[in-house]
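Comments concern the structure below.
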Amino acid sequence: MSKFYTEDNNQIRKLWTFSGGIHIPDNKAQSLTRPAGKAEMPQRLVIPLQQHIGAPNEPLVAVGDKVLKGQMIGQSQGFVSAPVHASTSGTVVDIGDHPVAHPSALPGPCIVIEPDKEDKWADLPPPMEYYATWDKRDIRNRIRESGIVGMGGASFPTSVKLSPPEGQQDIQSLIINGAECEPFITSDDVLMQNHAERIINGAAIMNYLLDAKECLIAIEDNKPEAIEVMKKAVAATEKLDNAHVVVIPTLYPSGSEKQLIYILTGKEVPQGGLPSQVGVVVQNVSTAAAVSDAVLEGKPLISRLVTLTGEGIKEPQNLEVLLGTQVEELVPQVGGYTNQASKLIMGGPMMGFSMRSDAIPVGKANNCVLVPSLDEIPNPENISACIRCLRCVDACPMGLVPQNMYWHVQSKALDKAKENNLFDCVECGCCSHVCPSRIPLVQFFRSAKAANLQLDRDQQKKERARERAEARNERLEKIAAEKKAKMEAKKAAMKKKKEAAAALKKEQEEQAAAKPAADTNEESTGSEGQDG
Amino acid sequence: MQFPTITSPHTSRPNSVQKAMLWVILALIPGTLAMIWFFGWGILINMVLAITTAIACEALVMKLRGREIKPVIMDLSAILTAMLFAVAVPPLLPWWLTVLGVAFAILLVKQAYGGLGYNVFNPAMAAYVLLLISYPVQMTSWLPPMMLNENPMGLLQTLNVIFGGALPGSLTWDAVTMATPLDTMRTGLSLNQTVSEISSNPILGQFGGKGWEVVAGLYLLGGGFMLYKKAISWHIPVSTLGGLAVMALLFNILDGDAYPLSSFHIFSGAAMLGAFFIATDPVSAPGTRKGQIYYGAGIGILVYIIRTWGGYPDAIAFSVLLMNMAAPTIEFFTRPRTFGHRGSGND
């Protein structure tokens, strides 16, 4: 892992190179040939209740309710959670399971709204224009109530990321991630070109919340227009005087959180740890813009930019889409499918997942709908044996040895795979991409992780069952012991009583005999003493 | 609309096993042509014979295992094994030894372990060692290079020797064969001649032996091509040649009369072929880059030790097999440090 240098406002800034990564054709031009537009009001909104990582939301509305644009319709009491809002005004027509953009292809709970086309706003919370005069807790709460999550794909609640745990609150760098390293996707690029001010405002708010020493806006060097616009915006603003636009070389996966932190700071986020542990917080540019809307205007997260691209789409373009709009309603607005359309991928080619149907709503973290031709993305070919060529090792940005992990996973040695740091895999797909044997390595690792988690859960279940059984045995034993003790106590008491009675009887008899003798009297008191 | 679902990443994969093997085969061709030029038709005949045997053996195993034959032949790995074997053995080797060697390589060393990707030993080298130990006379009967050969044989005569065992006319094996440069050096040194005295022998050229050094140069060129095409990485060839060169340099400094120069060692025998084409077989090498450096250096050092003090003039095959055995251990001790793990691993 070597260092190199880049120019930053006529100064030299040191950058680091992580080992591995791959160069792939970025295919970004096609969706940039048309200016970004706004999607039409859809016929139906299918708003997934779960659009974040964390505690599941409960619906706040019922079927038949009228809702207003921006009204909160789903919420959870959990700390790690984000509510969802109605993207426009209308009527709730259904609450139930619908297909959602999830790799499992399992349906998820959704609230279906029929828009009334009036697009009437709900009462919004007051703008916090002078946010520096507000309590930080109120601002964090605003961000939370606005339903903002990481919009680069991770969908982790932003308010949680902006509340570093105790002992990790000394933040050196706030990184605004505009790397957008996945091929085909241009939504962040378009956002930076057209809405630089919102990004800067959002960055300034987060900078205020975290009290970061520096704010680094990282952009890959294949986006010269965005770099130019962002540099100007940084120079023009007075809100953010510690910000730098840092141009980083195009290399997948530079936009991955851990890799980006390393490139900019040379710090490695420890295994299983949080970026705040090394004094860094990373937020996507789209997330920054959403924070700006929420804090400065009181608007919750109800729309986002989506790239619709690939040779399977007639007129590739970026659209501002209301969350919950289904892909089948978006595609006709970009000219419809071409006859080359071969797959439907939510997200980019490297980490996106292919969906069976286009009746899928756009969620907070869906930055791209990719409909490639077979020329762009051919179908997978036959797998051959691993020849241990080390290409996957050279490509892995996490320093793993995928060929060995694969060996263990294939032979169902999950513990061995775990020893080989299976759980450090970020599933970026570099190993699968370079494999000459065409082995879908990432898929093996994903399923192995799932199997391992299942195994852990089973183990925990067993453990709990064992503990319960032991507790039950203990309880039964205790009860039995108590019973026995009671019985014995009773017996003893009985015996004592009997003896006392016997002694009394004897005494009475002796007294009745009226011939008391000193030695027999002594004996009887002695036996009484023993019983007592 | 309905779509098929597949798992990510959704990319057209740039690499294939077939392509990787093809680059190695192409890189091997210039050196092979030079071998044919200097040592005659025998090399070509051996190569055809070896490739045919290899394909037949693979097909047989696939048939027995009830698998499709074509994809396995088309991964080109058996053909490459056959080619490496053919350029390693003497040009007039009896046909049945070539067949025996290749059959052993494919059937036992490769397929009995599970086929491509599962073999513990380098198939071509295991076969070479089997024949060298079992048939030492035939396996060390090398011809002189073209410019020193007083009895060059045509295609038909060569075929007759390989398949019929009959030398043309009144020729004897002693008249036809000649010691290799490594043999010459070894014999000379054992007779207490100095390196410079031995170097005046007509069989020795600029660096190594006449003809041999050209072949080695072309293998080096092929190696450069493979590096450029990323068919191999630099780790194994550089460390192999480095290990050999450093050993030679140390002893040459110690006593220049008794120990030849590094350049002689690198350009003689199978050193260049071994470093770029044989030791780089990824299947039987350690699975870490750092491990590959130790592995290559081990091969280079062993080659020097066996050449200098051992019982055989050349030692690529022995050294590769010995280091194959050490590969899993080397791999275990050179596992890279995972990103975000401090103080563990070996980086």
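The values are calculated or read from the model by the stated rules, or taken from the named source; none is laboratory data. All values derive from a computational prediction rather than experimental measurement. Note that we place each Cβ from the backbone using ideal geometry, even for glycine, and neighbour counts take in every protein chain shown.
For (1) without any contact (Cβ under 8 Å) to a residue 12 or more places away in the chain; (2) aromatic (F, W, Y), each residue gets a yes or a no:
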| site | (1), (2) |
| --- | --- |
| A:A226 | no, no |
| A:A236 | yes, no |
| A:A243 | no, no |
| A:V246 | no, no |
| A:P249 | no, no |
| A:S256 | no, no |
| A:Y262 | no, yes |
| A:T265 | no, no |
| A:E268 | yes, no |
When only residues in region B:49-74 that are among the small types (G, A, S) and without any contact (Cβ under 8 Å) to a residue 24 or more places away in the chain count, which is farthest from B:I106 (Cα to Cα)?
B:G66
Check region B:136-149 and report whether any residue there is under 22 Å from B:L49 (Cβ atoms), at pLDDT 95 or above and buried (at least 22 other Cβ atoms within 10 Å of the Cβ).
no
Working carefully through the options B:T280, B:T308, B:T334, find the one that is out of contact with any Asp or Glu (no Cβ under 7 Å at 6 or more places or on another chain), away from chain A (no Cβ under 14 Å) and either without any contact (Cβ under 8 Å) to a residue 60 or more places away in the chain or of a type in the set (S, T, N, Q) (or both).
B:T308
What pairs come out if I take residues in region B:229-241 that are away from chain A (no Cβ under 12 Å) and pair them with residues that are in a loop (DSSP other than H, G, I, E, B) and among the hydroxyl-bearing types (S, T, Y) whose C-beta lies under 9 Å away, six or more apart or interchain?
B:P237/B:T280; B:T240/B:T280
The conditions are (1) in contact with a Lys or Arg (Cβ under 9 Å, 6 or more places away or on another chain); (2) in the same structural domain as A:L260 (by TED's automatic domain parsing), and A:I176 fails exactly one of them. Which is it?
(1)
Say whether the condition of being under 28 Å from the mean Cα position of the chain (by Cα), modelled with pLDDT under 90 and surrounded by 13 or more Cβ atoms within 10 Å (Cβ to Cβ) is met by at least one residue in region A:35-50.
yes
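So which helices (runs of 4 or more DSSP H) are wholly in region B:161-211 and hold at least 1 residues that are under 24 Å from the mean Cα position of the chain (by Cα) and surrounded by fewer than 18 Cβ atoms within 10 Å (Cβ to Cβ)? Steps first, please.
Details: elements: B:173-176, B:181-190, B:195-199.
So the answer is B:181-190.
From the list A:V393, A:V409, which one is among the β-branched types (V, I, T), more than 11 Å from chain B (Cβ to nearest Cβ) and surrounded by 14 or more Cβ atoms within 10 Å (Cβ to Cβ)?
Numbers: A:V393 fails: more than 11 Å from chain B (Cβ to nearest Cβ).
Sole residue among the options that is among the β-branched types (V, I, T), more than 11 Å from chain B (Cβ to nearest Cβ) and surrounded by 14 or more Cβ atoms within 10 Å (Cβ to Cβ): A:V409.
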List, please: which pairs have Cβ atoms under 9 Å, are six or more places apart or on different chains, and start with a residue in region B:94-116 that is in the same structural domain as B:L80 (by TED's automatic domain parsing) and polar (S, T, N, Q) and end with one that is crowded, with 17+ Cβ neighbours inside 10 Å and not in a helix (DSSP H, G or I)?
B:T98/B:V89; B:Q111/B:N119
Within region A:319-377, residues among the hydrophobic types (A, V, I, L, M, F, W, C) and more than 11 Å from chain B (Cβ to nearest Cβ) come out as A:L319, A:V321, A:L322, A:L323, A:L330, A:V334, A:V362, A:A365, A:C368, A:V369
Among the candidates A:M346, A:M350, residue that is aliphatic (A, V, I, L, M) and either closer than 30 Å to A:P83 by Cβ or out of contact with any Ser or Thr (no Cβ under 8 Å at 6 or more places or on another chain) (or both)
A:M346
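Quick grid of which residues meet (1) buried (at least 24 other Cβ atoms within 10 Å of the Cβ); (2) in contact with a helix residue (DSSP H, G or I) (Cβ under 6 Å, 6 or more places away or on another chain); (3) under 27 Å from A:I12 (Cβ atoms):
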site: A:E166; (1), (2), (3): no, no, no
site: A:C181; (1), (2), (3): yes, no, yes
site: A:I185; (1), (2), (3): yes, no, no
site: A:G202; (1), (2), (3): yes, yes, no
site: A:L209; (1), (2), (3): no, yes, no
site: A:E225; (1), (2), (3): no, yes, yes
site: A:T237; (1), (2), (3): no, yes, yes
site: A:L240; (1), (2), (3): no, yes, yes
site: A:G255; (1), (2), (3): yes, no, yes
Since B:G311 meets every condition but one in (1) part of a loop (DSSP other than H, G, I, E, B); (2) small (G, A, S); (3) buried (at least 21 other Cβ atoms within 10 Å of the Cβ), which condition does it not meet?
(3)
Report the residue count in region A:75-120 for those that are loosely packed, with under 15 Cβ neighbours inside 10 Å, among the hydrophobic types (A, V, I, L, M, F, W, C) and either more than 14 Å from every other protein chain (Cβ to nearest Cβ) or touching a residue at least 60 places away in the same chain (Cβ under 8 Å) (or both).
3
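Is it fair to say A:T325 is surrounded by 24 or more Cβ atoms within 10 Å (Cβ to Cβ) and assigned by TED's automatic domain parsing to the domain that holds A:P42?
On the way: surrounded by 24 or more Cβ atoms within 10 Å (Cβ to Cβ): yes; assigned by TED's automatic domain parsing to the domain that holds A:P42: yes.
Considered against the rule, which asks whether it is surrounded by 24 or more Cβ atoms within 10 Å (Cβ to Cβ) and assigned by TED's automatic domain parsing to the domain that holds A:P42, A:T325 comes out as yes.
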What are the residues in region A:132-161 that are touching a Phe, Trp or Tyr at 6+ places or on another chain (Cβ under 7 Å) and part of a loop (DSSP other than H, G, I, E, B), if any?
A:G150
For region A:412-428, what are the residues that are on the phi > 0 side of the Ramachandran plot and within 12 Å of chain B (Cβ to nearest Cβ)?
A:N421, A:E427
Failed condition for A:R388, given (1) part of a loop (DSSP other than H, G, I, E, B); (2) within 11 Å of another protein chain (Cβ to nearest Cβ); (3) at negative phi
(3)
Report, by residue number, each residue of region A:303-355 that is under 14 Å from A:I185 (Cβ atoms) and small (G, A, S).
A:G310, A:G347, A:G348, A:G352
Members of region A:179-207 found to be in a loop (DSSP other than H, G, I, E, B) and under 21 Å from the mean Cα position of the chain (by Cα), listed by number
A:A179, A:E180, A:C181, A:E182, A:I185
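Working only within region B:112-123, note down all residues that are more than 21 Å from B:I316 (Cβ to Cβ) and within 12 Å of chain A (Cβ to nearest Cβ). Spell out the reasoning first.
So the first thing to find is which residues in region B:112-123 are more than 21 Å from B:I316 (Cβ to Cβ), and the list is B:112-118.
Listed by number, the residues that qualify are B:Y113, B:G114, B:G115, B:L116, B:G117, B:Y118.
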Quick one: A:Q403 ticks every box in (1) outside any loop (DSSP other than H, G, I, E, B); (2) in contact (Cβ under 8 Å) with a residue 60 or more places away in the chain except a single one, so which number is it?
(2)
